[in-house]
Every structure is written in structure tokens, then in C-alpha cells.
Amino acid sequence: MECDSTQSTENRYFRCRKTAALCNDRLYSRERTAELLGISTSTLANYELGITKTVPPDAVVMMSDLYNAPELKYYYCANDCPIGRRMPIPTTFESIQIMAIKAMQRLNSIEDIKIKLVEVSAEGKVTKANLSTVMNLMDGLDGLCQALGELRLACQKLLVDGGVNVHN
């Protein structure tokens, strides 16, 4: 018998499974989903209840593919991967229209980024004089990467929603 506690509703893995269950009734039950994933029901419950603090990457990929939820992989990389936590990885999903507007706004800053890049490359190294310019350049590049990553995620969701499952 499945028990979907209030605590699990706050969990991204649980929410993605329940959203996927709206289109695939095999995913409504934790038991059936665990069977499809090739894991035990208690393991899936531990993931969904947050008992397992870091879900194994292979399990995240399997859930992402089964639920047609590419955002799970992005979430894992941004929050659980020690390398990914230091990188600008998209973690939010909004409509493609909103993501496109955000990306275009960031692209408007490309001229400023180019100017800073020229200033920094003229020096060829980080000095006290150009340290803030280098830091601003990195912030601008991170923002651009974030916006483009979010747009890519929105495109992936469009493909998935259109019935094209891309495993990447």
C-alpha cells in the first residue's frame, strides 16, 4: 500500500513522478514505478521522502528518462554533484516564452562582456587593477550560461511534451 506523506510532496523526485503519472498511470503507484526503475519500493520511497540525501546519478537518469523530466538531471547536477554546484546550471523551469525572454535579455549584455574580455586579455593576467573586471566578466558569463541553459531545458521539455524523448 502506498503512502504519500506530506513530506514527500516537497520532494522534486516525488513531484516529477506524480506529474508524469498524469500521462502514464503506471507511475501513480510507488511500487509499480520502483519495478519499472529496477529498484526496491523502499529505495524509491527513500528518494522521494528525502531519507537518501544524495540520490545516485544512475537512478536520477533513470527517473528523468522514465518520467520525461530532464529537469531532474539539471537539479541533481546543480544541487548534489560537487562539481556541478560550482557551475551555472539551470534549476528552474518556466515556459519557453519566459526562458527565451530571459536569454535575450542576457544576450543584450554580450557587448559589455566583449568589452571586459578585451580589457582582461590586453593584460594577459589578473592584476589588482583588473581584478574587478575579471570578476564582473565571470559573473556576466555565468549569467549568460544560466540563461542559455534554462532555454535549452525549455526546449528539451518541448521535445518531451511533443513525444520526442531525448536522453541527454
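The values are calculated or read from the model by the stated rules, or taken from the named source; none is laboratory data. The shown structure was predicted, so the numbers you read here are calculated from the model rather than taken from an experiment. Every residue, glycine among them, receives a Cβ derived from its backbone with ideal geometry; neighbour counts consider all protein chains shown.
Here is a check on your reading of the model: is V55 in contact with a Phe, Trp or Tyr (Cβ under 8 Å, 6 or more places away or on another chain) and either under 15 Å from R17 (Cβ atoms) or outside any loop (DSSP other than H, G, I, E, B) (or both)? Taking the combined requirement at face value, the residue satisfies it. The set of residues in segment 128-140 being under 24 Å from R86 (Cβ atoms) and out of contact with any Asp or Glu (no Cβ under 8 Å at 6 or more places or on another chain) consists of L131, S132, V134, M135, N136, L137, M138, D139. Check whether at least one residue in segment 57-66 is at pLDDT 95 or above, among the small types (G, A, S) and surrounded by fewer than 20 Cβ atoms within 10 Å (Cβ to Cβ), and report yes or no. Within segment 57-66 (the criterion being at pLDDT 95 or above, among the small types (G, A, S) and surrounded by fewer than 20 Cβ atoms within 10 Å (Cβ to Cβ)), the answer is yes, since at least one residue qualifies. Against the numbered list (1) in the same structural domain as L37 (by TED's automatic domain parsing); (2) surrounded by fewer than 15 Cβ atoms within 10 Å (Cβ to Cβ), L72 comes up short only at (2).
What about G124, is it under 30 Å from M63 (Cβ atoms) and modelled with pLDDT under 85? No; evaluated as a whole, the condition is false for this residue. Is it the case that some residue within segment 141-148 is over 28 Å from the mean Cα position of the chain (by Cα) and either modelled with pLDDT of 85 or more or not charged (D, E, K, R) (or both)? Within segment 141-148, none of the residues are over 28 Å from the mean Cα position of the chain (by Cα) and either modelled with pLDDT of 85 or more or not charged (D, E, K, R) (or both). Taking segment 99-109 on its own, how many of its residues are among the hydrophobic types (A, V, I, L, M, F, W, C), at pLDDT 80 or above and surrounded by 12 or more Cβ atoms within 10 Å (Cβ to Cβ)? Adding up the residues that qualify gives 4.
For segment 113-134, state whether one or more residues are within 28 Å of the chain's Cα centre (by Cα) and charged (D, E, K, R). Within segment 113-134, one or more residues are within 28 Å of the chain's Cα centre (by Cα) and charged (D, E, K, R).
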